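To start, the structure itself, in structure tokens.
The values are calculated or read from the model by the stated rules, or taken from the named source; none is laboratory data. Not measured: the values here are computed from a predicted model. Cβ placement follows ideal geometry from the backbone for every residue including glycine, while neighbour counts extend to all protein chains displayed. Ligands, DNA and RNA are stripped out before the accessible areas are found, and what is left, the full protein with its side chains, is counted by its heavy atoms. Shrake-Rupley method; radii C 1.70, N 1.55, O 1.52, S 1.80 Å.
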Amino acid sequence: MRDDTLSGGFADPPVDAAHAFRAALAALARPGRIETLVGAQAPEPVSPAAAALLLTLCDAETPLFLAPSHDTPALRDWIAFHIGAPITPPHAAQFALGRWSDLPPLQGFPVGTADYPDRSTTLIVELDRLTTQGARLIGPGIETESRLSLPDIAPFRANRALFPLGLDFYFTCGTSLAGLPRSTNVEDA
């Protein structure tokens, strides 16, 4: 096995996973707020924040889609060793990882059903920058309004129209993490 396959997991898995889980929950509970995730490293091009999310939220029973930007032998080996998540096509994924421009159309991911809205995909989107400037966010978890540098606006508006169905999103850049649940309204800046 390669060195980058064996390395990069949490140094103290119970504690590091608990911190990452708390940050992941806080990011979705407070859309537009940027959290910091450290302690994990995966092969390029995966950011430390995305690596921590994968280690925390995925396991051997969590189908994962990798966009072409992230579907590398090194990352597949790392996932197999540290997580065991099966790599699947978009229509079967519970989680998806990739750059916004490399992810397939959002309509290809499960949005849940009327009986099981939780059976949808959560996308982990890697960005070049993540700031509290840009699109205006309003809705649950936001006192008045929040701002986030989203890669686009129309797909998130369409996703909100599906509520209570729809996709949930995490955005990562380096060690930064932000969340956008399906319940959030997204407006132009």
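Please give the contour-minus-distance gain from ARG136 to ALA161: 0.36 nm per residue of separation, less the Cα-Cα distance, rounded to one decimal in nm.
Contour length minus the Cα-Cα distance gives 7.4 nm.
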**Message:** Suppose the chain between ARG119 and ASP188 were pulled fully straight at 0.36 nm per residue; how much longer would it get relative to their current alpha carbon spacing?
**Reply:** 21.9 nm
**Message:** Using only the heavy atoms of the protein chains and a 1.4 Å probe, how would THR184, THR131 rank by accessible area, largest first?
**Reply:** THR131, THR184
**Prompt:** When the accessible area of segment 21-120 is computed with all protein chains present and a 1.4 Å probe, what percentage of it is carbon and sulfur?
**Reply:** 54
**Modelled FRET efficiency - R0 45 Å, ALA80 with GLN107, Cβ distances, 0.05 increments** = 0.95
**Message:** So, for the chain, what is the accessible surface per residue at a probe of 1.4 Å, expressed in square angstrom?
**Reply:** 47
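Using heavy-atom solvent-accessible surface (probe 1.4 Å) with all chains present, what is the largest-first order of TRP100, TRP78?
Of TRP100, TRP78, the descending order of accessible area is TRP100, TRP78.
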**Heavy-atom accessible area ranking, 1.4 Å probe, most first, across TYR170, TYR116** = TYR116, TYR170
**Message:** Run through segment 43-146 and list the trypsin sites (Lys or Arg not before Pro) located in a DSSP loop whose Cβ has at most 14 other Cβ atoms within 10 Å.
**Reply:** ARG119, ARG129
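Let me know the charge dipole size of segment 85-189 about its Cα centre in debye, to the nearest 20, where only the beta-carbon of Lys, Arg (+1) and Asp, Glu (-1) is charged.
Values: 8 positive and 11 negative charges, 10 e Å.
So the dipole magnitude of segment 85-189 works out to roughly 40 debye.
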**Request:** With +1 on each Lys and Arg Cβ and -1 on each Asp and Glu Cβ, and nothing else charged, work out how big the dipole of segment 10-84 is about its Cα centre, in Debye to the nearest 20.
**Result:** 320
**Asked** Considering only VAL125, LEU148, GLY84, whose Cα is most displaced toward the positive end of the charge dipole of the chain, charges sitting on Cβ of Lys, Arg (+1) and Asp, Glu (-1)?
**Response** LEU148
**Asked** Using the beta-carbon distance between GLU143 and PHE21 and R0 = 35 Å, what value does 1/(1 + (r/R0)^6) give for FRET efficiency, to the nearest 0.05?
**Response** 0.90
**Item:** Angle between the chain longest axis and helix 73-82 axis [Cα atoms, degrees, rounded to 10]
**Value:** 90
**Asked** Given charges of +1 on the Cβ of Lys and Arg and -1 on the Cβ of Asp and Glu, with all other atoms neutral, how large is the dipole of the chain about its Cα centre, in debye to the nearest 20?
**Response** 420
